[in-house]
Amino acid sequence: MNADAAQTPSRRPATAAIRIAATLVAAAGLMLGGCAIIPHDSTSRNPESPMTTDTPMQRGGTGELRTDLAPLTSRFGLLESAESATWLSGRMGDDSVPGPSTYWIDAIVTLPEADYQALLDDYTAVDTTTAPVVESPLDEQLPDGQYLASPELDAAFSQDAFRSTVHLSTDGQTLILRSVFQ
């Protein structure tokens, strides 16, 4: 028996252990990385602790304030009769990374008073001390005063791949929407 043959059996367990460890590390990285893309539980919100539409990824976009209604009303049926809106949108993460994209929309929407009241009647919204969060420069247009919120209202705007956080201003017409989707 030569010296090389005698060493081969002792190398095999070490090589197998390294392969197993590398596989476990790679699997853990994939699982943990995938958890941060979109929050999945739209029912986890209470008025003082909003469902998160924030992700650890960077929000990209042009920073251009938009006022066209069609992109909002086509995505959110409850905004169908909105009178006006100011909003921003963009893509989450690094543009140079291939794969499915996650997008975001932040909007301040003026509703007819009847539609605003219908939202209050259909979805239990209560006073909250948690103010809405939207990207700059849209944040400068947030109305002053108190806000209403609820998990039911968030769920109403979180259909299909959308995860949304919604606040109603107590002014009787303004809805603030923050949504992420794929």
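The numbers here are math on the coordinates, done by the rules we state, and not lab data. No experiment lies behind these values; they were computed from the predicted model shown. Quick reminder, even Gly has a Cβ in these numbers, built from the backbone with ideal geometry, and neighbours come from all protein chains shown.
Let's test the formula: R0 of 30 Å, r as the Cβ-Cβ distance of residue 64 and residue 118. What FRET efficiency results, to the nearest 0.05? Please list the in-between numbers first.
On the way: r = 31 Å, r/R0 = 1.03.
So, using R0 = 30 Å, E works out to roughly 0.45.
Under a crude label model (7 Å from the Cα following the beta-carbon direction), how far is residue 144 from residue 161 in nanometres?
4.1
Using a simple spin-label model with points 7 Å from Cα along the Cα→Cβ vector, what separation in nm is obtained for residue 131 and residue 81?
3.2
In terms of modelled amide H atoms, which long-range or inter-chain residues lie less than 5 Å from the amide H of residue 182?
Amide H neighbours of residue 182: 103.
For the charge dipole of the range 125-168, defined by +1 on Lys and Arg C-beta atoms and -1 on Asp and Glu C-beta atoms about the Cα centroid, which residue among 155, 134, 168 has the Cα displaced farthest towards the positive pole?
Result: 155, furthest along the dipole toward the positive end.
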